[in-house]
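Student: Quick one: structure below, then a few questions.
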Amino acid sequence: MLFSETLITHLAEAEEIVVLTGAGVSAESGVPTFRDEGGLWEKFSPQELANVEAFLDNPELVQGWYAHRRRVVEETEPNPAHRALAALEAQKQHRDGAFLLVTQNVDDLHRQAGSEHVVELHGNITRSYCIDCERPASAGELQTNGEDEVATCPGCGGLLRPDVVWFGEPLPDGAMEEANRAAARADVLLSVGTSAVVYPAAGLPLTAAARGAYVAEVNVEPSAIAGEVDEVVLGKAGEVLPALVEAVREQARGEERVEQNAGS
Ligand code: OAD
């Protein structure tokens, strides 16, 4: 088996679980990651595209890049990794605060898979808003006739931008606070498909570990913080997570049967 009995037991018995996800969880849906070969940042430099100065300098280019990324996301579907995490949340929904999914992804696939308690640290690419009046923009308002046309707000004429966090920008209000609170309380933190090089997100597993949680990562290769976690599970998220969540379900069922027998 790819993962240990210890991890299964910790997950089965955990009162509070936090899962941190990164681009690797969506890789098997066909959404490019950031730092792997062929990842998004290899074709475009982030300095060029993912910051507000670049957007103001060259809104056509940046809007065009996000329109392309939105199309990629629209054409993709959640994969077995997203669905397994939604199933794990459903298993743990015995009370509020038992499960929090913190994602660095902006692709909306966790929600589409049925995850309910989700903190989107880096925003959501399916939403856009006006950079001046902050009015949310509809999909129709983002449509342009060609590469030279810029999408603007029908209310005030301001440029429309994606609701994602760009370099140098703060995270959405309260998002990191909620994630940190949950990580500090968690019995288990599972970090999935992230290179763990972008902070503050990468600090969450370390916070949880420092507060006594069992911390495991699932990744095709060891991440930057692999040396500091309790267990590294090497494999594709879409293969590891369904097997892991099924094993947790089995173990929890076994424990229920033992309790029932003891009570009868
Ligand atoms: P990265 O591209 O840095 O890391 C993706 C990780 O997923 C790598 O460690 C891969 O080895 C791993 N991986 C790839 N395929 C996998 C699979 N099928 N199963 C499991 N793991 C797999 O992406 P993030 O860590 O998410 O920020 O990057 C963090 C942030 O950097 C992004 O949110 C973005 C970027 O700057 C912003 O846009 C603000």
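Student: If amide hydrogens are placed 1.01 Å from N in the peptide plane, which non-local residues have theirs closer than 5 Å to the one on residue 119?
Tutor: Amide H neighbours of residue 119: 101, 102, 103.
Student: Among 99, 165, 150, flag the residue with its Cα farthest along the positive direction of the charge dipole of region 83-202, charges on Cβ as +1 for Lys/Arg and -1 for Asp/Glu.
Tutor: 99
Student: Tell me, what is the FRET efficiency for residue 220 and residue 134 to the nearest 0.05, using R0 = 45 angstrom and their Cβ-Cβ distance as r?
Tutor: Once the sixth-power term is evaluated, E becomes 0.70.
Student: Normalised by the number of residues in region 211-252, what is the relative contact order in percent for Cα pairs under 8 Å and 6+ residues apart?
Tutor: It comes to 35 percent, rounded to a whole number.
Student: Distances longer than 21 Å among the Cα atoms of region 5-138: what percent of all pairs is that?
Tutor: 49
Student: Taking every DSSP beta bridge with both residues inside region 121-264, roughly what % is antiparallel (nearest 5)?
Tutor: Roughly 45 percent of the DSSP beta bridges within region 121-264 come out antiparallel.
Student: Per the helix-only calculation at 222 nm, which mean residue ellipticity applies to the chain, given -39500 (n - 2.57) for every DSSP H run of n ≥ 4 and division by its residues, nearest 500 deg cm²/dmol?
Tutor: -12000 deg cm²/dmol
Student: Filter the GluC sites (Glu not before Pro) in region 1-105 down to the DSSP loop ones having no more than 16 other Cβ atoms within 10 Å, then list what survives.
Tutor: 15, 37, 75
Student: How high is the FRET efficiency from residue 68 to residue 93, r the C-beta distance, R0 51 Å, rounded to 0.05?
Tutor: 0.90
Student: Okay, moving on. What percent antiparallel are the DSSP beta bridges of the chain, to the nearest 5?
Tutor: If I count the DSSP bridges inside the chain, around 25 percent turn out antiparallel.
Student: If only Cα atoms are counted, what is the Rg of region 142-264, and what is its Dmax, in Å?
Tutor: 21.4, 74
Student: If neighbour count is taken as other Cβ atoms inside 10 Å, put 126, 6 in order from fewest to most.
Tutor: So the residues, fewest neighbours to most, are 6, 126.
Student: Which of 207, 152, 33 moves most in a GNM of the chain, Cα contacts under 10 Å?
Tutor: 152
Student: Amide H to amide H, which residues 5 or more places from residue 137 or on other chains are under 5 Å from it, using H placed in the peptide plane?
Tutor: Residues meeting the amide H criterion: 128, 129, 130.
Student: State the extension gain, in nm to one decimal, for the chain segment bounded by residue 156 and residue 181, taking 0.36 nm per residue of separation less the distance between their alpha-carbons.
Tutor: 5.1 nm
Student: Step through the residues of region 152-164 one at a time and calculate ³J(HN,Hα) from phi using the Karplus curve (6.51 cos²θ - 1.76 cosθ + 1.60, θ = phi - 60°), rounding each to whole Hz and writing x for Gly and Pro.
Tutor: Per-residue couplings from phi come out as 10, 6, x, x, 10, x, x, 6, 8, 10, x, 7, 10 Hz.
Student: Can you give me the long-range amide H partners of residue 233? Hydrogens built in the peptide plane at 1.01 Å from N, cutoff under 5 Å, separation of 5 or more residues or another chain.
Tutor: Under 5 Å from the amide H of residue 233 lie the amide H atoms of 217, 218, 219, each far enough along the sequence or on another chain.
Student: Please give the charge dipole size of the chain, origin at the Cα centre, charges +1 on K and R Cβ atoms and -1 on D and E Cβ atoms. Round to the nearest 20 debye.
Tutor: So the dipole magnitude of the chain works out to roughly 360 debye.
Student: Report the rotationally averaged projected area of the chain based on its alpha-carbon convex hull, in square nanometres.
Tutor: The directionally averaged projection comes out at 15.1 nm².
Student: Once label points are set 7 Å from the Cα along Cα→Cβ at both residue 231 and residue 36, what is their separation, rounded to one decimal in nm?
Tutor: It is 2.3 nm.
Student: Hey, how many Å between the Cα centroid of region 83-104 and the Cα centroid of region 133-208?
Tutor: Each part's Cα centre sits 21 Å from the other's.
Student: Let me ask another. Can you give me the relative contact order of the chain as a percent, contacts being Cα pairs under 8 Å and 6 or more apart?
Tutor: Result for the chain is 25 percent.
Student: Could you give the length gained on full extension between residue 15 and residue 58, defined as 0.36 nm per residue of separation minus the Cα-Cα distance, in nm?
Tutor: Here the answer is 10.6 nm.
Student: Take the Cβ-Cβ distance between residue 77 and residue 51 as r, set R0 to 25 Å, and report the resulting FRET efficiency rounded to the nearest 0.05.
Tutor: Between residue 77 and residue 51 the formula returns 0.25.
Read the figures in this text as sums done on the coordinates, not as results from a lab. Values in this document were obtained by computation on a predicted structure and should not be read as measured data. So basically every Cβ, Gly included, is an ideal-geometry build from the backbone, and we count neighbours across all protein chains shown.
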